[in-house]
1. Do any helices (runs of 4 or more DSSP H) lying entirely in the range 58-172 carry at least 1 residues that are touching a Pro at 6+ places or on another chain (Cβ under 9 Å) and either hydroxyl-bearing (Ser, Thr, Tyr) or free of Cβ contacts under 8 Å to residues at least 40 places away in the same chain (or both), and which ones are they?
2. From 82, 170, 132, which residue is open to solvent by less than 40 Å² (accessible area, probe 1.4 Å), in contact with a His (Cβ under 7 Å, 6 or more places away or on another chain) and more than 14 Å from residue 35 (Cβ to Cβ)?
3. Can you tell which of 117, 156 is at pLDDT below 90 and either under 27 Å from residue 107 (Cβ atoms) or open to solvent by 60 Å² or more (accessible area, probe 1.4 Å) (or both)?
4. The conditions are (1) modelled with pLDDT of 90 or more; (2) closer than 24 Å to residue 153 by Cα; (3) open to solvent by 80 Å² or more (accessible area, probe 1.4 Å); (4) of a type outside the set (Ser, Thr, Tyr), and residue 24 fails exactly one of them. Which is it?
5. Identify all residues within the range 29-46 that are of a type in the set (D, E, K, R) and either surrounded by fewer than 14 Cβ atoms within 10 Å (Cβ to Cβ) or free of Cβ contacts under 8 Å to residues at least 40 places away in the same chain (or both); write none if there are none.
6. In this structure, is residue 102 at negative phi, over 17 Å from the mean Cα position of the chain (by Cα) and not charged (D, E, K, R)?
7. Going through the range 47-76 one residue at a time, which ones are out of contact with any Phe, Trp or Tyr (no Cβ under 9 Å at 6 or more places or on another chain) and open to solvent by less than 10 Å² (accessible area, probe 1.4 Å)?
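The values are calculated or read from the model by the stated rules, or taken from the named source; none is laboratory data. Quantities reported herein were computed from a predicted structural model and do not represent experimental measurements. Positions of Cβ are backbone-derived with ideal geometry, glycine not excepted, and every protein chain shown enters the neighbour counts. The area values use the complete protein model at the heavy-atom level, side chains included, leaving out ligands, DNA and RNA. Shrake-Rupley method; radii C 1.70, N 1.55, O 1.52, S 1.80 Å.
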Amino acid sequence: QELIEPVREKSIIIPPGQDLPNLKGLTPSKRDLPLVIFPARLETSKQPALFFQAVEELFAEGKRFYVAVLSKGKSTSMWRRLRQFRENLGSYLIHVGRINDPRAFAQMLLDADIAVSTTPFEAFGRVYVEALYAGTKLILPRSGAFPELFGDFEGSHVRFYGNPTDLVGLKETLR
């Protein structure tokens with residue numbers, strides 16, 4: 001403890017730079033249903049299977065909305081799960097994969113109604129900052145840096161659910 005204070009006194013926090021998407025000239029696309037995006041990498045550590053399961057269970061209950069998965073992964077098991085997710089959602093899954101063009105990515109963020117995270121940890125949450133900047137509401141686990149980064153927006157543009165393994169909380173928040 002006595003070693004930490006001198007370091008703390010000499011330290012400052014410099015947040016990482018953020019290159020926000022250029023929304024100039026873009027307008028949201030009109031859709032008949034909301035669009036929910038999952039912008040995290042398709043890696044086991046980000047827990048996309050929890051998102052897939054929550055969406056599939058809501059669809060089984062008769063809820064309908066469009067979904068876009070804005071990333072790709074390398075895991076064979078994750079691709080198998082994604083294939084099953086695609087089959088279960090059919091035409092409601094409107095996009096899978098990384099969007100490399102910055103204008104197209106900005107358009108997707110502008111079109112999205114909700115961005116969801118299921119990751120148990122997040123250091124900077126850059127894609128969620130970009131989504132919030134575009135007016136997208138966020139559904140995030142109350143874990144990692146999310147409460148610190150987005151707590152000021154809770155209720156208006158951000159909703160937190162229990163923890164990253166809280167399927168019931170995620171589903172209730174998505175309703």
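1. Values: elements: 76-89, 102-111, 126-133, 146-150.
Qualifying helices (runs of 4 or more DSSP H): 76-89, 126-133.
2. On the way: 82 fails: in contact with a His (Cβ under 7 Å, 6 or more places away or on another chain); 170 fails: in contact with a His (Cβ under 7 Å, 6 or more places away or on another chain).
Answer to the check: 132.
3. Numbers: 117 fails: at pLDDT below 90.
The unique qualifying residue is 156.
4. (1)
5. We begin by selecting, within the range 29-46, every residue of a type in the set (D, E, K, R); these are 30-32, 41, 43, 46.
Those that are of a type in the set (D, E, K, R) and either surrounded by fewer than 14 Cβ atoms within 10 Å (Cβ to Cβ) or free of Cβ contacts under 8 Å to residues at least 40 places away in the same chain (or both): 30, 31, 32, 41, 43.
6. Details: at negative phi: yes; over 17 Å from the mean Cα position of the chain (by Cα): yes; not charged (D, E, K, R): yes.
Answer is yes for this residue.
7. 54
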